[in-house]
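> Submitted below is the structure of interest, expressed as structure tokens.
The values are calculated or read from the model by the stated rules, or taken from the named source; none is laboratory data. From a predicted model like this one, the values you see are computed outputs, not experimental measurements. Every residue, glycine among them, receives a Cβ derived from its backbone with ideal geometry; neighbour counts consider all protein chains shown.
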Amino acid sequence: MKYLFLIVGVFLLPLPTASYSKVSNTNELIAAMQKKYEKSWYKTATFVQETTNFQPDGTSKVETWYEAMSVPGSLRIDFTPTSAGNGILFTDSKIFIFKDGKVDATRPFEHPLLILGFDIYRSPAAEVITKLQGLKFDLSQFREDAWQGRPVYVVGAKAGDLHSPQFWIDQEHLYFVRMLRPQGKDGTQTQETQFNKYQKLGGGWMAPEVIFMIDGKLVTTEKYSEIRGDVTLDPKLFDPQFWTTVHWKE
């Protein structure tokens with residue numbers, strides 16, 4: 001009889017609960033993300049990126065890019081060979097495109113992946129919200145879903161809508177995993193971005209695999225190596241005036 005009581009007692013014990021708190025709207029989600037990482041998320045990072053672009057005819061082209069990041073707000077991409085002076089700089093809510101060491105084009109630009117994957121942890125919540133609204137995410141749309149076998153929060157679209165601007169956040173680790181947005185001149189195509197295979201980096205995380213798809217077809221993959229966090233970087237790296245004079249990797 002005592003064994004029967006033991007078995008019944010086991011079934012009456014409370015079930016294990018998740019080690020994270022649920023949130024019910026976008027403001028609470030951003031607050032939870034910042035509370036979890038605002039004191040520990042790295043302020044700088046560098047990595048080597050292998051970029052593969054897939055062409056409609058089935059061929060592909062692989063390039064190596066050197067990337068340096070200052071959180072929040074700045075990302076520098078040097079195309080190889082770096083001596084050619086070609087690359088892209090995102091900083092101060094602008095994009096600068098460099099060709100032969102000189103600015104070839106520039107315009108205002110908010111990088112959604114920089115905001116969702118990194119800046120969100122080190123920028124004022126009000127600023128993050130304003131930028132996400134400017135990127136056409138409907139922050140009033142909030143729900144739970146599953147992605148790659150894990151529970152996620154989805155901001156921007158109702159269940160079944162995989163076209164409207166939306167981003168997906170892992171519920172446990174509170175990092176960005178997926179974004180979908182209309183693509184093309186008429187907005188009928190759907191661009192999807194995934195941050196995959198996350199690994200710890202200092203007090204935060206980094207996804208060493210990023211994939212881009214249009215209408216479900218793979219167009220670009222990024223694979224990161226030599227990933228380092230909280231490295232000492234010269235602020236001039238992110239100043240367009242010093243594009244050709246300062247490098248973090250030769």
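> What about residue 162, is it among the hydrophobic types (A, V, I, L, M, F, W, C), surrounded by fewer than 17 Cβ atoms within 10 Å (Cβ to Cβ), on the phi < 0 side of the Ramachandran plot and in contact with a Ser or Thr (Cβ under 9 Å, 6 or more places away or on another chain)? Write out each step before concluding.
Values: among the hydrophobic types (A, V, I, L, M, F, W, C): yes; surrounded by fewer than 17 Cβ atoms within 10 Å (Cβ to Cβ): yes; on the phi < 0 side of the Ramachandran plot: yes; in contact with a Ser or Thr (Cβ under 9 Å, 6 or more places away or on another chain): yes.
Considered against the rule, which asks whether it is among the hydrophobic types (A, V, I, L, M, F, W, C), surrounded by fewer than 17 Cβ atoms within 10 Å (Cβ to Cβ), on the phi < 0 side of the Ramachandran plot and in contact with a Ser or Thr (Cβ under 9 Å, 6 or more places away or on another chain), residue 162 comes out as yes.
> Taking the stretch 96-105, which residues are out of contact with any Gly (no Cβ under 8 Å at 6 or more places or on another chain), farther than 21 Å from residue 135 by Cβ and surrounded by 13 or more Cβ atoms within 10 Å (Cβ to Cβ)?
Within the stretch 96-105, just 103 meets the criteria.
> List the pairs whose first member sits in the stretch 41-62 and is within 14 Å of residue 226 (Cβ to Cβ), whose second member is buried (at least 16 other Cβ atoms within 10 Å of the Cβ) and at pLDDT below 95, and whose Cβ atoms are under 7 Å apart, counting only residues at least 6 apart or on separate chains?
Matching pairs, first to second residue: 46/248.
> Can you name the residue in the stretch 97-142 that is more than 19 Å from residue 23 (Cα to Cα) and of a type in the set (Asp, Glu) and, of all such residues, is farthest from the chain's Cα centre (by Cα)?
It comes out as 100.
> Check whether at least one residue in the stretch 226-238 is surrounded by fewer than 19 Cβ atoms within 10 Å (Cβ to Cβ), outside any strand (DSSP E or B) and out of contact with any Ser or Thr (no Cβ under 9 Å at 6 or more places or on another chain), and report yes or no. Walk me through it before giving the result.
Filtering the stretch 226-238 for residues surrounded by fewer than 19 Cβ atoms within 10 Å (Cβ to Cβ) gives 226-228, 230-232, 234-236.
Imposing the further condition that a residue be outside any strand (DSSP E or B) reduces the set to 230-232, 234-236.
Next cut, out of contact with any Ser or Thr (no Cβ under 9 Å at 6 or more places or on another chain) only: 234.
Looking through the stretch 226-238, at least one residue is surrounded by fewer than 19 Cβ atoms within 10 Å (Cβ to Cβ), outside any strand (DSSP E or B) and out of contact with any Ser or Thr (no Cβ under 9 Å at 6 or more places or on another chain).
> Right, next: In the stretch 166-182, which residue that is buried (at least 20 other Cβ atoms within 10 Å of the Cβ) and touching a helix residue (DSSP H, G or I) at 6+ places or on another chain (Cβ under 9 Å) is nearest to residue 114 (Cα to Cα)?
Kept after step one, since they are buried (at least 20 other Cβ atoms within 10 Å of the Cβ), are these residues of the stretch 166-182: 166-171, 174-181.
With the extra rule that they be touching a helix residue (DSSP H, G or I) at 6+ places or on another chain (Cβ under 9 Å), the set shrinks to 167, 169, 174-176, 179, 181.
Values: 167: 13, 169: 14, 174: 15, 175: 12, 176: 10, 179: 12, 181: 15 Å.
The residue in question is 176.
> Hey, any hits in the stretch 74-87 for a residue that's of a type outside the set (A, V, I, L, M) and without any contact (Cβ under 8 Å) to a residue 12 or more places away in the chain? Give the derivation first.
Taking the stretch 74-87 as the starting set, the residues that turn out to be of a type outside the set (A, V, I, L, M) are 74, 76, 78-83, 85-87.
Still in the running and without any contact (Cβ under 8 Å) to a residue 12 or more places away in the chain: 81, 83.
Yes; the residues of the stretch 74-87 include at least one that is of a type outside the set (A, V, I, L, M) and without any contact (Cβ under 8 Å) to a residue 12 or more places away in the chain.
> Filter the stretch 27-70 for residues that are closer than 25 Å to residue 85 by Cα and of a type in the set (Phe, Trp, Tyr); which is surrounded by the fewest Cβ atoms within 10 Å (Cβ to Cβ)?
In the first step, residues of the stretch 27-70 are kept if they are closer than 25 Å to residue 85 by Cα; the result is 44-54, 60-70.
Within this subset, residues satisfying the condition of being of a type in the set (Phe, Trp, Tyr) are 47, 54, 65-66.
Numbers: 47: 21, 54: 16, 65: 19, 66: 20.
Result: 54.
> In the stretch 88-132, what count of residues is obtained for those that are among the basic types (Lys, Arg), without any contact (Cβ under 8 Å) to a residue 40 or more places away in the chain and under 21 Å from residue 207 (Cβ atoms)?
Adding up the residues that qualify gives 1.
> Tell me which residues, restricted to the stretch 71-95, are part of a strand (DSSP E or B), surrounded by fewer than 20 Cβ atoms within 10 Å (Cβ to Cβ) and not aliphatic (A, V, I, L, M).
Filtering the stretch 71-95 down to residues part of a strand (DSSP E or B) leaves 74-79, 87-91, 94-95.
Checking which are surrounded by fewer than 20 Cβ atoms within 10 Å (Cβ to Cβ) leaves us with 77, 79, 88, 91, 94-95.
Within the stretch 71-95, 79, 91, 94 qualify.
> Determine whether residue 190 is over 15 Å from the mean Cα position of the chain (by Cα), surrounded by 13 or more Cβ atoms within 10 Å (Cβ to Cβ) and either on the phi > 0 side of the Ramachandran plot or outside any loop (DSSP other than H, G, I, E, B) (or both). If you could, list the steps in order and put the result at the bottom.
Details: over 15 Å from the mean Cα position of the chain (by Cα): yes; surrounded by 13 or more Cβ atoms within 10 Å (Cβ to Cβ): yes; either on the phi > 0 side of the Ramachandran plot or outside any loop (DSSP other than H, G, I, E, B) (or both): yes.
When the stated conditions are applied, residue 190 passes them.
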